[in-house]
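Please read the structure below before turning to the comments.
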Amino acid sequence: MKSGYMRNRQKKIQKYGQLLPFLLLGASTLFFCWFFAGRLGIFGSNVDWISQHSVIPDYFRQQFYETGELFPEFAANIGGGQNIYHFSYYGLFSPVILISYLFPFIKMGDYLMGASAVSLAASVELLYMWLRKRGFSGRISFMTALMYLLAGPMIFHSYCQIMFVNYMPFLCMAFLGVDRYFEKDGKLLYTFGVLLMILTSFYFSIGGMLVLVLYGIYRYVECKGQIGRDGKKILDDGNIACDLNKKRKCKDGFLKNIACYMKETGNKKDSFDKNIACYKHEKDQIREIKELLVCKNIVCNINTDGSRRETEGKYMVYNLLDEERQRITIAGFLRDGIRFLWPMLISVLLSGILLIPTAAALTGREETAAGISLASLLIPNLQADRLIYTPYGIGLPTLMITVLLTGFTYKRAEERVLSWGCTAILTIPFFAWALNGGLYVRDKSLIPCLPLLCYLIACYFRKLENKEISFAAGGIPFLMTIGLLAAGQRNSEFSQYGMLFLTDGVIMAGCFLLFWRKKGLMLLMTPPAVFLILYGSVLHERAGRIESREFYEKVTDPAIGQAIREILEEDRGFYRLEQAGSESENAADLNRVWDMGQYISSVYSSSYNKEYQEFRKNTFEVEEPFRNDLMQSVSKNPVFLQVMGVRYLISKEEVPGYELVRNGDGMDMYENRCAAPVAYVTDRLISEDTYDELGFPYNQMALAYGAVRPEEKESPESGSSDGGTAGSGSAGEEKAGRRSAEDRKADGGNAGDRQAGGGSAGDGKAENEIKMERQILEEVRQALKPAEIALPTEKTDSLQIVKTENGYRIQADKTGTVRVDISGIGDMDASEADRILFLQFQVKNNHPSQDVAVRLKGERNKLTARNHFYYNGNTTFSFAVLLEQGEQQAELSLGKGDYEITGITGFLGNWAKQTKEEQSGRLYQSELHLDRERTKGNVIAGSVDVEREGYFVTSIPYDPNFEVRMDGKAVETEKVNTAFLGFSIGKGKHDVELVYHAPGRKAGAGCSVSGAVLLLFLAAGGHVRERILRRKTGGA
């Protein structure tokens, strides 16, 4: 009785002892998340997290609540309206994000902070579990998992670029699945691990699949080698036929060196049918064994005490006399490799609904890879410090380099495969280039290698513990590590940390000497974790990425959403509503949508509608206030706001050109009643050829007086002509026809007159079109008057302005402010209110390693440092600001740096209220009235009463995948205003429906269905194989 109680108590202690490491790792994760980030602010960053990772998933969730569709196609509310797969990178089908749909009462930012911490803890504990199942001791597994947690990318990107690491739990799950595949032929865990990894972060899943393949090769070679080692051990030990039921060896010499499994003593026939060699004293049984030996097919149960850890009770078939099964042949490797990749392929097929539409959306992204030669991609990069500690690489301490170098001394084939394979991936730039889609060589794509490198470190510790590494083989790699760090220090971008890295290497070499003398493995395992803690405590604070709680609460204040919903209830028109504030607030509000009735023009995504991006950057030339040109925020340009239909702005400061309509606590609502509807009909049109000839700022002002229609398509009989050239070819070719800024400046507003007048006969336009075009261009010319902008020459301790032949040279030690005079021929009466000052000039940065920023009355343009990865190329600064009544000077803020401004172009534009109202009434003739019940998801529907035949014009970026139906009939879409969706329309009342079909969605859905069918076959096949195996082994 007492002994039974003690046994139960011992089992409970053992059970709790197994749970203790998981509890400690979970607690450590939460502690270090707080220590590195939480105590400094929120567990979120002030760059991409606040403007992308926490707001785009919230938009996915809102659209799901609105439509009930798990597979959306269109994001009508962001960036003017774009393919939703432009934003799929941010977790469109991520299981982590989908779970948030169950909690509508939790702010997405709060949810993501908690989910990131939970995902991080889960990945750490799964890594620990994986190591334990692979036979590593508890302390080695725990310390390795701790290093994994503290590695540079893990905590840093759990609150910064969360897509860099949020797939890690599923990658670790897939590693466990690969082990099950080789040990028990199980495929489901492996398949689901890869699937969830792809859905969570398809970009990094490519690197994840690469390391899974490498690990699979390692396990394949290991299993082949294990067969030979186990067979040799059985023969060498003279382990002849054993009766496992009676736990005794057979002594018959005839059966010496034959390993047999006696399932049942008297079951001769069953044994013979299953190729099981049985031992009995009768001669017929001996004959049976002879026949089996001739067949060279011996079944061996190696579930003995000496090999239980390797096989865990699995019955394996060995050909002990023929080495064919031990050798790795090309044919066998390819055959087994295809079989191994089959579950991975099924995962990719299941992800088709995400991958194929995303690939189709990415084809519209204009990226140019830097000039990279093939030789440079194949020459190993031995600059070791680019991978250690950094959050944008592997982020482990210098011990990682030592482990990889030690791997060159390993004797077993599988160990060499794994170690050399990891070394090749980390050092040969081709892998980083390929994993980044051939765009650039950046080490961030190598982050998925982190779990496998931790596995290598655990192997290294076990070898030291088992004395499998000699003093020379262990000590020389430490010296080589120090040499590599010293050699690469001068040319490294991390040279400021070079001495710290060298100190790490030297201390680790000393710890190895102590370990060799004291034989305490903790002497080697503890310092790397301490180094990571010390480095992390400095890195996270100095990086300055952690968002303050006050700012987070401010930009996510539910009162803002409530104010937006109230104004949307009052105004049922089709307009846009944005938030405007400081640069930090505007950056945080990129992509932020509070209600599905709110539409914004701003967007920040690594993938985008190329037509809209081209319009903002090169056609309209909107200001660029941020270093990253992908951050297209709400503009301060009053003309752009009107053209894009931004009727309402929420701001804590007065907005020029807008009227205050509602007071709030720092959330005042301003309205511009002259803003364009998002969709309207007009007959005030100019041709695209004419518009392309307009220079700054005529190209901006023209869109406030008319709309741009596409050139008429030529009939096949007409052949090629001058009039049809601009309408053919790619968008890039069309823009190539634009004149230079200097030409436009010299020609001023006359360029449009020349085009309209000179083309009247040659183009064969209808007389009324020519007349309307001339009228619009004349109105634009009357609205704009050239102005001379003069900077004061100044010389102070911190700011020097020197006039040059073509402009000015600025040398500023810090930001300085001056007032520029506005004067010249045709200057408007300063007493007039609502004048727009248009200013444009070219910038030459004499210190390309520094940014250049200039503000005009608070509107900022920035030129990024040339070495910045997201160099924006903004060498032409364009401004459009409203002047107050009587204002003849404007405040110009000149940022720090040494730069020149040349080609200064200035204009004053009439923006008087009565002029705007009159012009708006003539331009926006028939507004689309939305049908709120039908307008949701990928559908925009409503009715329009057309007074005069013309064009249906929208500020929704053009995409050929729109289907337009007018009165139930399909209508051909066209590109209006050079970048937006439109079509010709006749007089009368019409029902209009715009439906967006994401390209590749049907093909993706088909792939996912095919993958689901194959998964069912895979699961059924595994079930059948398991039943057969049970019958063979007597389990059934």
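Would you say G757 is at pLDDT below 50 and under 45 Å from the mean Cα position of the chain (by Cα)? No. Among the residues of segment 453-489, how many are in a helix (DSSP H, G or I) and charged (D, E, K, R)? Result for segment 453-489: 3. Please work out which residue is surrounded by the fewest Cβ atoms within 10 Å (Cβ to Cβ), limiting yourself to segment 881-901 and to residues that are of a type outside the set (D, E) and closer than 20 Å to D851 by Cα. For segment 881-901, the residue satisfying everything is S893. In segment 537-548, the residues that are farther than 12 Å from F36 by Cβ and touching a residue at least 60 places away in the same chain (Cβ under 8 Å) reach residues that are assigned to a helix (DSSP H, G or I) and not small (G, A, S) with C-beta atoms within less than 6 angstrom, at least six apart or across chains, in these pairs: E547/I50. When you scan segment 429-442, do you find a residue that is touching a Lys or Arg at 6+ places or on another chain (Cβ under 9 Å), among the aromatic types (F, W, Y) and under 28 Å from I372 (Cα atoms), even just one? Scanning segment 429-442, I find at least one residue that is touching a Lys or Arg at 6+ places or on another chain (Cβ under 9 Å), among the aromatic types (F, W, Y) and under 28 Å from I372 (Cα atoms), so the answer is yes. The residues of segment 869-880 that are surrounded by 15 or more Cβ atoms within 10 Å (Cβ to Cβ) and within 33 Å of the chain's Cα centre (by Cα), listed by number, are Y871, N872, N874, T876, F877, S878, F879.
Reported count of residues in segment 167-210, each being over 20 Å from L1018 (Cα atoms) and not in a helix (DSSP H, G or I), is 2. Filtering segment 81-97 to residues that are assigned to a helix (DSSP H, G or I) and under 24 Å from I600 (Cα atoms) leaves I84, Y85, H86, F87, S88, Y89, Y90, I97. Listed by first and then second residue, the pairs with beta-carbon distance under 8 Å, at least 6 apart or on different chains, first residue in segment 132-150 and free of Cβ contacts under 8 Å to residues at least 24 places away in the same chain, second of a type in the set (G, A, S), are R132/G138; R132/S141. Just to be sure, is L188 surrounded by fewer than 18 Cβ atoms within 10 Å (Cβ to Cβ), closer than 30 Å to L70 by Cα and modelled with pLDDT of 90 or more? Yes: the conditions hold for L188. If I filter segment 830-856 down to residues being of a type in the set (K, R) and surrounded by 20 or more Cβ atoms within 10 Å (Cβ to Cβ), which single residue comes out as nearest to E788 (Cα to Cα)? The extreme case among them is R835.
Here is a yes/no grid of residues against (1) farther than 21 Å from E73 by Cβ; (2) within 36 Å of the chain's Cα centre (by Cα); (3) surrounded by fewer than 20 Cβ atoms within 10 Å (Cβ to Cβ); (4) of a type outside the set (D, E, K, R):
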residue	(1), (2), (3), (4)
R922	yes, no, yes, no
H929	yes, no, yes, yes
R934	no, yes, yes, no
N961	no, yes, yes, yes
H997	no, yes, yes, yes
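Going by what's in this entry, would I155 be described as under 25 Å from G352 (Cβ atoms), touching a residue at least 60 places away in the same chain (Cβ under 8 Å), surrounded by 24 or more Cβ atoms within 10 Å (Cβ to Cβ) and among the β-branched types (V, I, T)? In short, no. Among the residues of segment 361-383, none qualifies, meaning not one is surrounded by 21 or more Cβ atoms within 10 Å (Cβ to Cβ) and either part of a loop (DSSP other than H, G, I, E, B) or without any contact (Cβ under 8 Å) to a residue 40 or more places away in the chain (or both). The condition of being in contact (Cβ under 8 Å) with a residue 24 or more places away in the chain, among the β-branched types (V, I, T), within 25 Å of H157 (Cβ to Cβ) and in a loop (DSSP other than H, G, I, E, B) holds for only one of I78, I50, I106, that being I78. Of the residues S984, S893, the single one that is over 23 Å from E611 (Cα atoms), in contact (Cβ under 8 Å) with a residue 24 or more places away in the chain, among the polar types (S, T, N, Q) and not in a loop (DSSP other than H, G, I, E, B) is S893. You will find that of F907, F841, F879, the residue that is part of a strand (DSSP E or B) and touching a Gly at 6+ places or on another chain (Cβ under 6 Å) is F841 and no other.
Does R673 meet the test of being assigned by TED's automatic domain parsing to the domain that holds V555, farther than 19 Å from N591 by Cβ, basic (K, R) and surrounded by fewer than 20 Cβ atoms within 10 Å (Cβ to Cβ)? Against the criterion (assigned by TED's automatic domain parsing to the domain that holds V555, farther than 19 Å from N591 by Cβ, basic (K, R) and surrounded by fewer than 20 Cβ atoms within 10 Å (Cβ to Cβ)), R673 qualifies.
Just to be sure, is I940 modelled with pLDDT of 95 or more and either under 35 Å from the mean Cα position of the chain (by Cα) or assigned to a strand (DSSP E or B) (or both)? Taking the combined requirement at face value, the residue satisfies it.
Of the numbered criteria (1) over 30 Å from T954 (Cβ atoms); (2) of a type in the set (S, T, N, Q); (3) surrounded by fewer than 20 Cβ atoms within 10 Å (Cβ to Cβ), the one Q562 fails is (1). Would you say A676 is aliphatic (A, V, I, L, M), at pLDDT 50 or above and within 21 Å of Y612 (Cβ to Cβ)? It is true that A676 is aliphatic (A, V, I, L, M), at pLDDT 50 or above and within 21 Å of Y612 (Cβ to Cβ). For segment 396-407, the criterion of being assigned to a helix (DSSP H, G or I), without any contact (Cβ under 8 Å) to a residue 40 or more places away in the chain and more than 28 Å from the chain's Cα centre (by Cα) is met by none of the residues.
The values are calculated or read from the model by the stated rules, or taken from the named source; none is laboratory data. Quantities reported herein were computed from a predicted structural model and do not represent experimental measurements. As a convention, Cβ positions derive from the backbone with ideal geometry for all residues, glycine included, and neighbour counts pool all protein chains shown.
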